[in-house]
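Novice: Dropping the structure in here first, questions after.
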Amino acid sequence: SLDVVHCSMERHYLLQLVSSAVGGSLLVLKMGWGVAVSDEVVTLVGRSCGDLNELEIRGAGKLTKESFAVLSRGCRRLQTLSITNAEVEEDSAWPAIQWECLRSLDLTGCTGISGSELEAMGRSCSRLTSLNLSLCDEVDPKLLSNFFARLSRSLTSLDISRCAPLSDSILTVLMRVGVRLERANLS
């Protein structure tokens with residue numbers, strides 16, 4: 001486990017740390033805020049951390065489809081992915097991402113997330129049980145029907161708090177496709 005979330009560290013030091021200390025056997029990696037997390041860092045994690053189960057990235061710069069594609073190819077065992085307060089390139093490589101083991105996805109406060117990315121993720125992440133889209137104001141609720149229909153048997157936890165476009169119409173969509181949530185924050 002490596003947690004450098006609140007460490008003040010320049011990007012080149014983080015790159016050295018990830019590439020040398022990881023050695024492929026790291027299971028949990030948390031980074032962000034004081035650390036300059038960039039596309040380059042995410043790509044390196046994808047290439048170096050094949051056994052990673054949990055990845056948390058807070059406050060990253062712009063993350064592109066290329067880094068997500070490398071991350072999904074290299075970290076196939078990823079079960080928990082938390083990317084908060086980051087700018088995600090629109091039309092990212094969600095269709096190319098194949099995280100069959102992914103159970104929990106937290107995209108709190110991310111920009112650039114629309115319904116089309118989530119719909120593609122619903123096709124490739126069939127075991128997803130927990131989704132957090134709080135503060136993701138760019139998601140189009142009309143595009144979520146297929147996403148929720150694909151995950152109607154696995155999704156048990158949903159947080160769309162402070163997500164204005166979703167809060168009004170999401171209940172109708174959830175009921176129509178038969179999602180049965182154990183935990184929900186829809187405020």
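FYI, it's all coordinate maths here, none of it is from the lab. Everything numeric in this text was worked out from a predicted model, so none of it was measured. Heads up, the Cβs are rebuilt from the backbone with ideal geometry, glycines too, and the neighbour counts pull from every protein chain shown.
Novice: Stretch Ser157-Glu87 to full length: gain in nm at 0.36 nm per residue minus the Cα-Cα span? Mind showing how you got there, number by number?
Specialist: Values: separation 70, 0.36 × 70 = 25.20 nm, distance 2.37 nm.
22.8 nm is the gain from fully extending Ser157 to Glu87.
Novice: Moving on. Enumerate the lysines that Lys30 could reach by cross-link, defined here as Cα to Cα under 24 Å, with residues fewer than 8 away along the same chain left out.
Specialist: The reachable lysines, counting only those whose Cα sits under 24 Å from Lys30, are Lys62, Lys65.
Novice: Which shape class applies to the range 98-187: rounded if a/c is under 1.5, otherwise prolate when a/b exceeds b/c and oblate if not, where a ≥ b ≥ c are the square roots of the Cα gyration tensor eigenvalues? Walk me through the numbers before you get to the answer.
Specialist: Values: a/c = 1.37, a/b = 1.16, b/c = 1.18.
Verdict is rounded for the range 98-187.
Novice: Cβ neighbours within 10 Å, averaged per peptide: list 174-184, 99-109, 134-144 in order, most packed at the top.
Specialist: Numbers: 174-184: 13.3, 99-109: 18.8, 134-144: 17.1.
So the order, starting with the most tightly packed, is 99-109, 134-144, 174-184.
Novice: By how many nm would the segment from Ser126 to Arg73 grow when fully extended, if each residue of separation counts as 0.36 nm and the alpha-carbon distance is taken off?
Specialist: Here the segment from Ser126 to Arg73 would lengthen by 17.4 nm.
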